[in-house]
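Everything below concerns the one structure shown next.
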Amino acid sequence: MNPLLLPPRLMVRALDDLHSLARSAETIARVVGTLDGERVEKVLDDIAAVADATERLPQVEAALADVEQQALHRIDALDQRLTGVLELAERIEGGLPAIGDVLERIGALDGSLAGALEVVGRLESDISSLGRIAPSVDVLTEAAGRLADTAEPLQGAAERLGRIADRLPGGSRSRA
């Protein structure tokens with residue numbers, strides 16, 4: 001293309017753009033000259049690590065969703081258990097007055113039991129006394145049996161004497 005055939009404005013603009021590119025190239029050359037090669041490599045490594053981490057974000061997001069579901073499941077289970085514990089605590093709280101009544105009754109029974117134990121103690125001493133008396137009772141029972149054996153043959157004679165006594169003047173049965 002012939003430069004004389006181009007419009008002057010386009011030519012000025014092309015020269016201005018060429019000048020801007022030259023200045024940008026100088027600035028880039030200066031910046032590149034000041035850059036440390038190791039530092040640039042470290043930055044590029046960091047950018048690569050960020051790119052790798054960015055690629056793994058969907059996997060991390062899926063894993064976090066699973067963890068969230070497990071956490072929600074456990075929270076629901078704990079909520080149900082806590083509800084049961086609260087209901088049990090309310091029932092226990094409702095039963096506390098009855099427990100107080102039971103404790104009062106136990107206290108009253110304790111007093112009654114002490115009295116009963118005292119009576120049992122006296123009965124034990126009486127039973128031991130009866131144990132000492134038992135041989136005497138056995139001897140008296142044997143003596144009463146012998147007395148009955150002795151009196152039995154006399155019974156018929158005593159009845160006959162009683163009838164005779166009734167017939168005598170001044171007898172006790174004839175007056176009645």
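The values are calculated or read from the model by the stated rules, or taken from the named source; none is laboratory data. This is a predicted model, so every value here is computed, not measured. Reconstructed Cβ throughout: ideal geometry from the backbone, glycine too, with neighbour counts over all protein chains shown. Just the protein is used for accessible areas: all its heavy atoms, side chains included, with ligands, DNA and RNA removed. Shrake-Rupley method; radii C 1.70, N 1.55, O 1.52, S 1.80 Å.
Pairs linking a residue in segment 105-133 that is free of Cβ contacts under 8 Å to residues at least 40 places away in the same chain to a residue that is open to solvent by less than 100 Å² (accessible area, probe 1.4 Å) and part of a helix (DSSP H, G or I), with Cβ atoms under 9 Å and 6 or more positions apart or on different chains, are LEU130/VAL137.
Counting residues in segment 63-75 that are assigned to a helix (DSSP H, G or I) and either more than 35 Å from the chain's Cα centre (by Cα) or aromatic (Phe, Trp, Tyr) (or both) gives one or more. Among the residues of segment 128-140, are any among the charged types (D, E, K, R) and more than 60 Å from the chain's Cα centre (by Cα)? Within segment 128-140 (the criterion being among the charged types (D, E, K, R) and more than 60 Å from the chain's Cα centre (by Cα)), the answer is yes, since at least one residue qualifies. Scanning segment 155-176 for residues that are at pLDDT below 80 and surrounded by 10 or more Cβ atoms within 10 Å (Cβ to Cβ) yields a count of 4. What residue, among those in segment 30-43 that are surrounded by 10 or more Cβ atoms within 10 Å (Cβ to Cβ) and not basic (Lys, Arg), is farthest from the chain's Cα centre (by Cα)? Selected residue: LEU35.
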